[in-house]
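The values are calculated or read from the model by the stated rules, or taken from the named source; none is laboratory data. Everything numeric in this text was worked out from a predicted model, so none of it was measured. So basically every Cβ, Gly included, is an ideal-geometry build from the backbone, and we count neighbours across all protein chains shown. All accessible areas refer to the heavy atoms of the entire protein, side chains included, with ligands and DNA or RNA removed. Shrake-Rupley method; radii C 1.70, N 1.55, O 1.52, S 1.80 Å.
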Amino acid sequence: MNDLFEYSARQATRMSRPLAERMRPTHLADYMGQLDAVGEGRLVRRAIEQDKVFSMILWGPPGCGKTTLAKLMAAETSAHFLHFSAVLSGVKEIRSVIKIAEERQSLYRQHTVVEIADIGRLVALEAGEHVFQQGDFGRHIHIIVKGHVTLERTTDLGKRAGSVVIDMLGKGRFLGCWSTLLGEPHILMSSAYCQKPTEIVSIEGVELREMMLSNTVLGMQVMERLCFLLRDRIQAAYGAMEKI
């Protein structure tokens, strides 16, 4: 009898959920779309099937399947699922969630899939618009999703004064305030403007720092990539200064 009542209670709870929640696929085979990521033989699908899910950034408009995919990653790998919003939460909440995940791994040997919603903001810019300007206070790292961005620096060294192009960046390139990853925002030393309609993902540096600290593998991969990017950026800056 208790089982009957419990079943009825579960059914009532299920039916009280929003329609979109009830219609979410519960198996990876039922997931529609995003074949570049989860199609047969693709990287994310292989990671799920081999129980080797890694840290990743999912971006796109509401309803495209980001949360559904995160839940499926947890379900298919028998992991615990946690969700929270980076907009509504602060560093304290991020650390609390990470601690819960670590304790679950230690006590139950169970991995945790943590979905941090809204960690990045997709911004659409028109040709000529600035991503940021020299002298702005920087707190973000920007990733170019589509389009091209020009980095330019204005200097005034007496006889050597003017504006020079430091670099021209395309899809997949990073720009912004790197020192935010050290918890030290600073005044930006160059301007970045779009050559044509461009889309970028902007991420708060402090939030990316927390992700890197919580996942050392991810942190080392990001730092390795940043080292190469900064090397190229410094070389480009020195070359640009010689033109003045």
Exercise for the section: Give the carbon-plus-sulfur fraction of the accessible surface of the range 27-84 in %, rounded to a whole number; probe 1.4 Å, heavy atoms of protein chains only. Expected result: 54 percent
Fill in the blank from the handout: If R0 = 35 Å, then L226 and M32, at their Cβ-Cβ distance, give a FRET efficiency to the nearest 0.05 of 0.50
Problem - Sulfur and carbon atoms: percent of accessible area, the range 176-217 [1.4 Å] - result: 60 percent
